[in-house]
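Colleague: Okay, here's the structure, questions in a sec.
The values are calculated or read from the model by the stated rules, or taken from the named source; none is laboratory data. Computed from a predicted model, the values in this text were never measured in an experiment. Because the Cβ atoms are built from the backbone with ideal geometry, glycine has one as well, and the counts that use them run over all protein chains shown.
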Amino acid sequence: MTGNNNEFGREQAWQLLTEWTESESLLKHALAVEACVTACGDAEAARLGLIGEDRAAMLELYATTALLHDFDYQRHPTPEEHPFVGVRELDRLGWPLALRTAILGHAQYSGVPRESHLAKVLFACDELAGFLTACALVKPTKAIADVEVRSVRKKMKDKAFARGVNRDDVIQGAAELGVDLDDHIAFCIEAMKKRLPAGALTHQLPQLLTLPVNATPPNTCHSLLLPFLPDAPLHPQSSSPAVYPQP
């Protein structure tokens, strides 16, 4: 894996996302998914022993994939168009194949299998990040820090709450990664607490557009990831499971 390609970095992904997307909720969702996906990428990089430019390149791939996974949704929300229109545009612009394939795979109806670690992580974090955001916004503080796994599992059983979130996808995503659902929920809560820019879930559109573009921690992986790292190495394109081990 090579170092960062500034032509296809996080700043460029954020710019493309905001060119195509004006919806506050979609921008907030992109940031929430980015936090979770990048944390999983950080854990994977640590397991592989990646450092320096190799680690930075991997994190940038995970971050940009997450930011762009729904970038065409506001303009092309139908299953006939999303994410196919967006992926064609990404192909035209030269974005990496791994990113485009993962974005196709996050849509169950696309028929594209989720074979890479990145694709599985994006699917596992997409619906869950949206659900965790909903759980945070009903708290008096509107803070992800006040969301607990137990309350998330309880709300998952309430079909009237955040009814747009597909609970089956949340469950299937963790299963495809080979991790316990509660562990995955806890991991993503911590990722959002550590990685989301301040106010990302509550800002209105003008403030969202001025958030720092380099929200991904640049150096060593967060201490929150360390208890979850398995001993066995895992190639990022492997179909093997485990972002972190089951308890």
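Colleague: What do you reckon, is L50 more than 17 Å from G9 (Cα to Cα) and in contact with a Phe, Trp or Tyr (Cβ under 7 Å, 6 or more places away or on another chain)?
Modeller: no
Colleague: A further question follows. Within segment 90-113, restricting attention to residues that are surrounded by fewer than 17 Cβ atoms within 10 Å (Cβ to Cβ), without any contact (Cβ under 8 Å) to a residue 24 or more places away in the chain and not hydrophobic (A, V, I, L, M, F, W, C), which residue is nearest to L59 (Cα to Cα)?
Modeller: D91
Colleague: Evaluate segment 101-114: report whether one residue or more is closer than 20 Å to I189 by Cβ and of a type in the set (D, E, K, R).
Modeller: no
Colleague: Go through segment 146-162 and count every residue that is assigned to a loop (DSSP other than H, G, I, E, B) and surrounded by fewer than 12 Cβ atoms within 10 Å (Cβ to Cβ).
Modeller: Total meeting the criteria: 4.
Colleague: Looking for whichever is acidic (D, E) and surrounded by fewer than 23 Cβ atoms within 10 Å (Cβ to Cβ) here; the options are E19, E44, E34. Which one fits?
Modeller: After applying the criteria, what remains is E19.
Colleague: Right, next: Has segment 146-164 got at least one residue that is under 16 Å from the mean Cα position of the chain (by Cα) and not polar (S, T, N, Q)?
Modeller: No.
Colleague: On to the next question. For residues that are among the small types (G, A, S) and in contact (Cβ under 8 Å) with a residue 60 or more places away in the chain, scanning just segment 118-132, find the one that is surrounded by the most Cβ atoms within 10 Å (Cβ to Cβ).
Modeller: A124
Colleague: Can you list residue pairs whose Cβ atoms sit under 7 Å apart, with the first residue in segment 180-197 being within 16 Å of V121 (Cβ to Cβ) and the second being hydroxyl-bearing (S, T, Y) and modelled with pLDDT of 95 or more? Count only pairs 6 or more apart in sequence or on different chains.
Modeller: Within 7 Å, the pairs are R195/T38.
Colleague: Oh, and also: Please enumerate the residues belonging to segment 133-171 that are free of Cβ contacts under 8 Å to residues at least 40 places away in the same chain and either at positive phi or aromatic (F, W, Y) (or both).
Modeller: Within segment 133-171, F161, A162 meet the criteria.
Colleague: If you don't mind, there's one more thing I want to ask. Considering only residues of segment 103-138 that are in a helix (DSSP H, G or I) and among the polar types (S, T, N, Q), which is nearest to E81 (Cα to Cα)?
Modeller: Filtering segment 103-138 for residues that are in a helix (DSSP H, G or I) and among the polar types (S, T, N, Q), the one nearest to E81 (Cα to Cα) comes out as S110.
Colleague: Moving to a separate point now. If I go through segment 69-80 residue by residue, how many of them are surrounded by fewer than 23 Cβ atoms within 10 Å (Cβ to Cβ) and within 17 Å of L17 (Cβ to Cβ)?
Modeller: 5
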